[in-house]
Amino acid sequence: MKDHLIIFDTTLRDGEQSPGASMTREEKVRIARQLERLRVDVIEAGFPAASNGDFDAVKAVADTVRDSTVCALARAMEADVRRAGEALKGTDSARIHTFIATSPIHMEKKLRMSPEQVVEQAVKAVKWALQYTDDVEFSPEDAGRSDITFLCRVLEAVIDAGAKTLNIPDTVGYTMPEQFGQLIRTLRERIPNSDRVVFSVHCHNDLGLAVANSLSAVVNGVRQVECTVNGLGERAGNASLEEIVMAVRTRQDYFPCETRIDATHIVPTSKLVSGITGFPVQPNKAIVGANAFAHESGIHQDGVLKHRETYEIMRAEDVGWGTNKLLLGKHSGRNAFRSRLAELGIELESEEALNATFMRFKELADKKHDIFDEDLHALVSEDALTPHEHYKLLSLVAHSETGEDPYASIVIAEDGRESRAESSGSGPVDATFRAIEKILASGAELQLFSVNAITSGTDSQGEVTVRLQKSGRIVNGNGADIDIVVASAKAYLSALNKLHGSLDRAHPQV
Ligand code: KIV
Ligand code: ZN
């Protein structure tokens with residue numbers, strides 16, 4: 001029997017910390033359901049002390065998920081731990097993850113605490129957390145740059161206090177794989193009570209080494225890896241779940257452990273996360289990139305046709321490529337629609353909401369022959385946002401013709417009040433954005449504009465992401481439509497809606 005490698009997914013917490021990736025409660029629940037289907041062991045649902053919205057989202061995930069442990073993050077502060085405990089109340093399997101920084105630079109410059117105070121606070125935090133659950137995880141933040149003797153001291157103390165999992169973060173993505181593996185080995189050997197806990201790692205990708213560092217730690221005895229779908233996360237992201245899982249699975253000759261992940265859900269999960277956050281997946285990304293299993297050169301194709309294993313170490317279908325093909329079309333009835341939503345883990349709030357989404361599905365099916373799962377997710381995402389929209393697109397005319405200036409005329413409702421504007425621009429999208437700005441004068445700075453086809457075929461819906469920055473806040477807005485200029489207008493307004501909503505949330509690590 002091989003050891004079990006615990007997969008701890010932090011897409012909803014650390015992933016969400018990447019600028020612009022914030023998700024609504026409904027979106028978090030949808031992703032959590034998909035992570036449960038993927039058979040992730042632990043889902044870190046968020047940081048409840050950040051805001052009331054974050055608290056509600058963690059609570060909603062905890063109330064929904066049954067087959068994975070739900071975890072909430074808390075700084076080593078009593079109020080944070082209490083919020084985490086309250087958000088998880090009633091969950092069958094709840095974990096509190098508490099942390100405090102242990103590197104000299106973080107203790108001195110960020111916390112302004114002495115090493116003694118840090119040890120004391122870490123122990124207190126674990127004890128507070130134990131009042132809510134016996135499943136407590138502790139992380140010494142910035143462990144990769146911490147003094148090893150001090151690390152041993154803190155970790156020994158929190159084990160004695162009752163922590164069950166010790167997570168070693170490479171917070172700034174600084175370490176090298178061999179060095180990180182050695183750090184884990186040394187901690188396990190030098191901490192006298194280390195056999196009472198599961199060691200875990202949490203690696204950031206600043207030098208592109210998050211997966212390599214995590215796997216090196218696994219070889220050196222770690223039995224939990226913290227990771228995110230598509231490697232989403234602050235700065236260069238976290239270790240990518242799909243790469244960790246498939247490395248361990250593909251190289252069973254090398255790794256002494258296995259996961260319980262159902263890999264056939266990897267690609268649908270990747271698409272769901274990318275669709276909801278608006279962070280596209282690069283085509284050559286391992287496992288989930290569009291080209292990950294495509295063979296271009298004639299020699300490779302010939303080899304693969306003769307014998308697949310000449311150039312392929314995994315099968316595309318094993319990670320879920322091609323499994324999303326159940327189609328709905330304009331003749332599909334409400335029952336087929338309802339049951340496909342249920343299979344995708346999408347529950348609409350009421351019969352009324354189902355009717356409204358079904359009407360929009362019919363409108364889409366009139367324009368587009370086959371409706372794929374990705375189209376349904378895009379429909380539902382849009383419907384979930386619509387009732388709370390401050391700015392709403394009512395109509396758009398965009399004109400482009402060779403030799404003529406592109407031009408757009410738009411009608412927007414602002415809190416129910418209609419306004420109209422026209423503008424020319426260097427292209428129809430530019431003209432549309434200028435027309436919107438003529439009405440709303442947001443003054444926001446456009447940081448990113450990207451268009452992706454949601455499915456294949458020229459009748460695919462275009463999914464547009466717009467990233468806006470204003471007064472230090474960064475938001476992503478998404479919009480989907482068969483007409484990419486309309487999708488762009490929706491995405492721009494969706495970003496403005498997010499900027500408009502006041503969002504007062506604390507960042508756990510700042
Ligand atoms: O990167 C990090 O150190 C973290 C901690 C909160 C575990 O995300
Ligand atoms: Zn992190």
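FRET efficiency for the pair residue 109 and residue 207, taken as 1/(1 + (r/R0)^6) with r the Cβ-Cβ distance and R0 = 25 Å, rounds to 0.70.
Largest to smallest in accessible area, the residues 35, 207 fall in the order 207, 35 (1.4 Å probe, all protein chains included).
Computed over protein heavy atoms with a 1.4 angstrom probe, the accessible surface ordering of 343, 418, largest first, is 418, 343. 3J(HN,Hα) along the stretch 44-53, derived from phi through the Karplus expression 6.51 cos²θ - 1.76 cosθ + 1.60 where θ = phi - 60°, amounts to 7, 8, x, 10, x, 6, 5, 5, 5, x Hz, with x in place of Gly and Pro.
Modelled spin-label separation between residue 286 and residue 251, with each label point placed 7 Å from Cα along the Cα-to-Cβ direction: 0.8 nm. Listed by chain and number, the aspartates and glutamates whose C-alpha is less than 12 Å from the C-alpha of residue 127, apart from same-chain residues fewer than 8 away, are 78, 135, 137, 160.
Per residue, the accessible area of the chain comes to 44 Å², computed with a 1.4 Å probe over protein heavy atoms only.
A simple spin-label model places the labels of residue 424 and residue 400 1.7 nm from each other, with each point 7 Å out along Cα-to-Cβ. Using the beta-carbon distance between residue 131 and residue 219 and R0 = 35 Å, what value does 1/(1 + (r/R0)^6) give for FRET efficiency, to the nearest 0.05? The pair residue 131/residue 219 has a calculated efficiency of 0.45.
Taking each of 438/470; 28/271; 109/164; 271/392 in turn, the alpha-carbon distance tops 20 angstrom for 109/164; 271/392.
Split the accessible area of the chain by element, probe 1.4 Å, and carbon with sulfur accounts for 50%. Each residue of the stretch 422-427 was assigned a 3J(HN,Hα) from its phi angle through the Karplus expression (A = 6.51, B = -1.76, C = 1.60, θ = phi - 60°), giving 10, 7, 9, x, 6, x Hz with x at Gly and Pro. Dipole magnitude for the stretch 203-312: about 120 debye, using +1 per Lys or Arg Cβ and -1 per Asp or Glu Cβ, origin at the Cα centre. Here residue 391 sits with roughly 30 square angstrom of accessible surface, probe radius 1.4 Å.
Ligands, DNA and RNA excluded, the heavy atoms of residue 347 present near 140 Å² of accessible surface to a 1.4 Å solvent probe.
I'd like the FRET efficiency for residue 188 and residue 66, computed as 1/(1 + (r/R0)^6) with the beta carbon distance as r and R0 of 25 Å, rounded to 0.05.
Numbers: r = 33 Å, r/R0 = 1.31.
For R0 = 25 Å, the calculated efficiency reads 0.15.
Ranking of 174, 407 by solvent-accessible surface, largest first: 174, 407 (1.4 Å probe, protein heavy atoms only, all chains present). Counting Lys and Arg as +1 and Asp and Glu as -1 over every other residue whose Cβ lies under 14 Å from the Cβ of residue 223, the net charge comes to 0. For residue 2, put the label point 7 Å out on the Cα→Cβ axis and report which residues of the stretch 258-294 keep their amide N under 18 Å from it. Backbone N within reach: 258-266. Simple point charges give the picture: +1 on the Cβ of Lys and Arg, -1 on the Cβ of Asp and Glu, and for the chain a dipole about the Cα centre of about 640 debye. Multiplying the residue separation of residue 353 and residue 148 by 0.36 nm and removing their Cα-Cα distance gives an extension gain of 68.3 nm. Once the Cα-Cα distance is subtracted from the 0.36 nm per residue extended length, the residue 330 to residue 510 segment shows a gain of 59.8 nm. The figure for residue 459 is an accessible area of roughly 60 square angstrom, using a 1.4 Å probe on the protein chains alone.
The values are calculated or read from the model by the stated rules, or taken from the named source; none is laboratory data. All of these numbers come straight from a predicted model, not from anything done at the bench. In this analysis, Cβ positions are derived from the backbone assuming ideal geometry, glycine residues included, and neighbour counts consider all displayed protein chains. The protein model used for the area step is the full one, side chains on, heavy atoms only, and it has no ligands, DNA or RNA in it. Shrake-Rupley method; radii C 1.70, N 1.55, O 1.52, S 1.80 Å.
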